[in-house]
Amino acid sequence: MVVRRLSGLQKDVLRLYRDCLRAVHKKPEESRPRFYAFTRREFERNLDIKRTDVKAIEYLLRIGRRRMEQYMSPNVRDIGMV
């Protein structure tokens, strides 16, 4: 079995995803499913980005971290999804 090593950017993306999922646990129980769905949808939306497109991945990582900080504020209790 061949084990592929992850690049630094791939590790950063996985770390952000895990951090987002952990942060959802701090939200009220009734709104967690919407936060999970939002997180998953945002990551799935960008699955078609090529691994070699470093600029786009770094940009999306910055946006993702900023959004996570905003949404994980104690004042944000629920998330509306369109």
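The values are calculated or read from the model by the stated rules, or taken from the named source; none is laboratory data. The structure displayed is predicted, hence computed values, not measured ones. Cβ sites come from the backbone with ideal geometry, for glycine too, and all protein chains shown count toward neighbours. For the accessible areas, the whole protein counts, side chains as well, though only heavy atoms, and no ligand, DNA or RNA atoms are used. Shrake-Rupley method; radii C 1.70, N 1.55, O 1.52, S 1.80 Å.
What the Cα atoms of the chain give is an Rg and a Dmax of 14.1, 47 Å. Ligands, DNA and RNA aside, ARG32 has an accessible area near 60 Å² when probed at 1.4 Å.
Here the accessible area is traced with a 1.4 Å probe on the protein chains. For the chain, carbon and sulfur cover 54 percent of it. Packing around the peptides 37-44, 66-73, taken as the average count of other Cβ atoms within 10 Å per residue, puts them in this order, highest first: 37-44, 66-73. Counted residue by residue at 0.36 nm each, then reduced by the alpha carbon distance between them, the extension gain from GLU44 to ARG32 reaches 2.5 nm. Remark: accessible surface ordering of LYS27, LYS50, LYS11, LYS55 (largest first) is LYS55, LYS50, LYS11, LYS27, probe radius 1.4 Å. With a Förster radius of 22 Å applied to the beta-carbon distance between ALA56 and ALA23, the computed FRET efficiency rounds to 0.40.
Counting only pairs 8 or more residues apart or on different chains, how many lysine pairs in the chain have their Cα atoms under 30 Å apart? Pairs that pass both the separation and distance tests number 4. Extending 7 Å from Cα along the Cβ direction at ARG65 and again at ARG5 yields two label points whose distance is 2.3 nm. Report the one residue of THR52, ALA23, GLY64 whose Cα lies farthest in the direction of the positive end of the charge dipole of the chain (charges on C-beta: Lys and Arg +1, Asp and Glu -1; origin at the Cα centre). Projecting each Cα onto the dipole axis, the largest value belongs to THR52.
Normalised per residue, the accessible area of the chain is 81 Å², obtained with a 1.4 Å probe and no contribution from ligands, DNA or RNA.
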